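The values are calculated or read from the model by the stated rules, or taken from the named source; none is laboratory data. Only a predicted model underlies this, so the values are computations on that prediction, with no experimental measurement involved. Cβ coordinates were reconstructed from backbone atoms using ideal geometry, including for glycine residues, and neighbour counts include every protein chain displayed. Surface areas here come from the heavy atoms of the whole protein model, side chains and all, with no ligands, DNA or RNA. Shrake-Rupley method; radii C 1.70, N 1.55, O 1.52, S 1.80 Å.
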Amino acid sequence: MTDELLIGLVSISDRASAGDYQDQGIPALREWFGAALASPWRMETRLIPDEQALIEKTLIELCDEVGCHLVLTTGGTGPAPRDVTPEATLAVAHKVMPGFGEQMRQISLRFVPTAILSRQVGVIRGKTLILNLPGQPKSIKETLEDVKDAEGKQVVPGIFAAVPYCIDLIGGPYAETHEAVVKAFRPKSALRR
């Protein structure tokens, strides 16, 4: 088994995939992981339209064929008719991890009351953790990192603090983070030195 974390990034947008505007989700995530991860990693990216069958096929490919340890989607999690990312994610899931969606909405509610319209989910497929993130770069960063007060103290933990340990538990590589960006939390018994 390699120690390199393989991350799949899937930006889901009819307009961006058609070239009507520049996708912002994948560049924002690439930049965030560049700052956040202290251990080796690489990524596979996909830019696809809001088509449930295609989203399902892409998630299955990244999990089962490419072998990603973590797959993050951006976009398609609202209440609009074309927003089908959560449905596609749940359709390919082996286990549902409801805490991720709950925490993402908790974080977003600190910024906008419309966070309750978000339907993001977290699931496991085989040895892959799949998380639906918001579509906007600012919201992506807020969701992954801690929400801090004016003095820089943590108010609400970001979801990424739990991701490395989850990846450990499902058989993936030991991912380490730069604590200035986000501190990976593991029980003392799971720490490597």
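Rounded to the nearest 0.05, what FRET efficiency do residue 45 and residue 155 give with R0 = 35 Å and r taken as the Cβ-Cβ distance? Could you check?
The computed FRET efficiency comes out at 0.65.
Considering the options 122, 92, 26, tell which one lies farthest towards the positive end of the dipole of the chain, charges being +1 on Lys and Arg and -1 on Asp and Glu at the Cβ, about the Cα centre.
122
Per the 1.4 Å probe, what fraction of the accessible area of the chain, in percent, lies on carbon and sulfur atoms?
Roughly 53 percent of what the probe reaches on the chain is carbon or sulfur.
So what's the net charge close to residue 43: Lys and Arg +1, Asp and Glu -1, counting the other residues with Cβ under 11 Å from its Cβ?
Residues near residue 43 contribute +1 overall.
Would you work out if the chain is rounded, prolate or oblate? Take a ≥ b ≥ c from the square roots of the eigenvalues of the alpha-carbon gyration tensor; rounded if a/c is under 1.5, else prolate when a/b is larger than b/c, oblate otherwise.
oblate
Within the set 95/153; 57/95; 141/183; 138/183; 153/183, which residue pairs have Cα atoms separated by over 22 Å?
95/153, as the Cα separations exceed 22 Å there.
For the chain, what's the relative contact order in percent, using C-alpha pairs closer than 8 Å and at least 6 residues apart?
Relative contact order here is 23 percent.
Once you place label points 7 Å from the Cα toward the Cβ at residue 168 and residue 14, how far apart are they in nm?
Reported label-point gap for residue 168 and residue 14 is 4.4 nm.
I need the shape label for segment 80-193. Rule: rounded when a/c is under 1.5, else prolate if a/b > b/c, else oblate, with a, b, c from the alpha carbon gyration tensor.
Oblate shape, in that a/c is at least 1.5 and b/c is the bigger or equal ratio.
Roughly how many whole Å is it from the C-alpha centroid of segment 28-54 to that of segment 125-157?
Their Cα centres are 14 Å away from one another.
With the crude spin-label approximation of a point 7 Å out along Cα→Cβ, what separation in nm comes out for residue 21 versus residue 80?
Label at residue 21, label at residue 80, 0.9 nm between them.
Assuming R0 = 25 Å, what is the FRET efficiency of residue 95 and residue 4, from their Cβ-Cβ distance, to the nearest 0.05?
That pair, residue 95 with residue 4, gives E of 0.55.
For the chain, what does the helix formula give at 222 nm: sum of -39500 (n - 2.57) over DSSP H segments with n ≥ 4, over the residue count, nearest 500 deg cm²/dmol?
The helix-only estimate for the chain comes to -8000 deg cm²/dmol at 222 nm.
Give, as ranges by residue number, the residues of segment 124-162 whose backbone N falls under 20 Å from the point 7 Å along Cα→Cβ of residue 30.
Those under the cut-off are 133-142, 144.
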